[in-house]
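Readers should treat all values here as calculations from the given coordinates under stated rules, not as data from a laboratory. None of the values given here were measured: they were computed from a predicted structure. Here the Cβ positions follow ideal geometry from the backbone for every residue, glycine too, while neighbour counts run over all protein chains shown.
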Amino acid sequence: QKSPWNLSLLIGGIIYGLTAIGWGFLMKRMKLATIGVVYGVSCIISLALLGVLFYHEKLSMLELVGVLLGISSVAILYRFG
């Protein structure tokens, strides 16, 4: 009988490998400072979504404003960067 851990490990390894390849492409095309900002904001958004969708947390108004400001900072960075 196959263990579900083997499938989880395989999926996790594939996702990790794809992100490593993505980092390689990004570092050839963008400034490191820009990549750092995009990475930071994407982590914040991902964790906020995980909390809301899987742990049924509620975002406060201040947290929601923070997420929206993070998104707008990336938009401004792309527009003027």
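Just a few scattered comments:
- Sorting 43-50, 19-26 by their mean Cβ neighbour count within 10 Å, with the most densely packed peptide first, gives 43-50, 19-26.
- Here each label is just a point 7 Å from Cα along the line to Cβ, and for I35 and V52 those points are 2.9 nm apart.
- Inter-probe distance in nm under a simple model that places probes 7 Å from Cα toward Cβ, at F25 and V65: 3.7 nm
- Computed from phi, the 3J(HN,Hα) profile of segment 17-23 under the Karplus parametrisation 6.51, -1.76, 1.60 (θ = phi - 60°) reads x, 5, 5, 5, 5, x, 4 Hz, with x in place of Gly and Pro.
- Shape index of the chain: Rg/Rh, with Rg the Cα radius of gyration and Rh the Kirkwood radius from the inverse mean 1/r over Cα pairs, equals 1.09.
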